[in-house]
Amino acid sequence: KMEPQGATKEGGGMNVSLAWNAPALYQMDTDPTRYAAHLIAHLAQHQFIFAQPMTSFMERKLWDAVPAAWQHYLLSWPVDALLKGEPMADWPEDAVDFLDKCRKLSMPRAPLELNLCRFPWQSQATSRATIAPEIQRGMSAKKIHEVSVLSPILADLSAHAGFGRWIDIGAGLGYLGNVMQYHYGLKWTNCEGNLAHAARGEARVSALSDRLSSKAPQPSVAALSFPCINVFLTHNSAADTFETESTKDDPAGLCGLHACGDLSVCILKIFSSPHCSSPGILSVGCCYHKLLDKDVSKSFPLSRTVRAIMNGSSGNAIHAIVNMLELATNALGEWTLLDARSLELRV
């Protein structure tokens, strides 16, 4: 329902509505539109929090932007209560209302269980893939988790749409492709702009093929080959790069695991290009504050729904989005791992 702007091709494409990890007040909503409207209004009302980069807190005197009635209570707030967002009994009414809305609008910290999620093209919920020990070698626990969740979804999408090849944008060392080719027999092309990553990925595939062939040769092993496109993409130069990579005779889906910064925009622009014949797309974006074009009102992949809400009222206009995106990358949970003295120093 909240598809990225321009991500649906004219005359085709899938318009899907996925399960979303809704806050308690919005769990009966079939899509996030009402939640998005309330969230945007709340952020627009309190833009002083992210109007300037947090690294300039002292230099630009950001403390002066905090409502005067809040300042005394914030300074006297115990650190453990600060992390929990628990106001004291005599807090100003508008501060209590602010915290209450923050809690109600916050996404649940616990992710949806994979077995409860079902995409519209799936007949049943996805089961996490079991990755062979040989393929896991060199992968961190975090990467194993991510690939084991994403790979069966990609395989199901390939089966549903009837294509057998993927192009991985920002492939890194190619872990995802290794799993997709070995376990699912899908063809794979890596796109990686970092030459060092590409070289390490090719060396890994060579060593992996040697190990597997010497142990128990099987049909998929002989096909462990990953053509690699070495190109540095930006959202202004992406659309024409893959015209020849996905054709009607050999269609290829586009995917990105950790499509950092501009890569998310690149994938959407490539997919929506009239010259691209790609039949499917699956992107997991991150680090949007690293977009090269800091005018994120133009470069950030907002959905039509969100753009309409933000443009529908002057009161919903949000400025300095890039600062908000950078602030969002700071995990509050990490602060709870610090000792009391370290917390005091940071605060």
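With respect to N190, is the statement that it is of a type in the set (S, T, N, Q) and in contact with an Asp or Glu (Cβ under 7 Å, 6 or more places away or on another chain) true?
yes
Any residue in the stretch 41-58 that's more than 18 Å from F98 (Cβ to Cβ): show its pairings with residues that are modelled with pLDDT under 90 and of a type in the set (K, R) at Cβ separation under 6 Å, as long as the two are six or more apart or on different chains.
From residues that are more than 18 Å from F98 (Cβ to Cβ), the pairs are Q52/R60.
Within the stretch 272-296, work out how many residues are assigned to a helix (DSSP H, G or I) and open to solvent by less than 60 Å² (accessible area, probe 1.4 Å).
Number of matching residues: 3.
Out of all the residues in the stretch 133-179, which are in contact with a Pro (Cβ under 7 Å, 6 or more places away or on another chain) and assigned to a helix (DSSP H, G or I)?
A161
Under the condition of being part of a helix (DSSP H, G or I), touching a residue at least 60 places away in the same chain (Cβ under 8 Å) and under 18 Å from Y288 (Cα atoms), which residue from the stretch 305-329 is most open to solvent (accessible area, probe 1.4 Å)?
Looking at the filtered set, the residue picked out is E326.
Among (1) open to solvent by less than 70 Å² (accessible area, probe 1.4 Å); (2) at pLDDT below 90, there is one condition V147 misses while meeting the rest; what is its number?
Status for V147: all satisfied but (2).
Might you let me know whether the stretch 284-301 holds any residue that is touching a Lys or Arg at 6+ places or on another chain (Cβ under 8 Å), under 20 Å from P53 (Cβ atoms) and of a type in the set (V, I, T)?
The answer is no; no qualifying residue exists.
Has the stretch 236-253 got any residue that is over 19 Å from F163 (Cβ atoms) and modelled with pLDDT of 80 or more?
Within the stretch 236-253, not a single residue is over 19 Å from F163 (Cβ atoms) and modelled with pLDDT of 80 or more.
The values are calculated or read from the model by the stated rules, or taken from the named source; none is laboratory data. For clarity, every value in this text was computed on a predicted model and none was experimentally measured. All Cβ positions, even for glycine, are placed from backbone atoms using ideal geometry, and neighbour counts span all protein chains on display. What goes into the accessible areas is simple: the full protein's heavy atoms, side chains included, and nothing from ligands, DNA or RNA. Shrake-Rupley method; radii C 1.70, N 1.55, O 1.52, S 1.80 Å.
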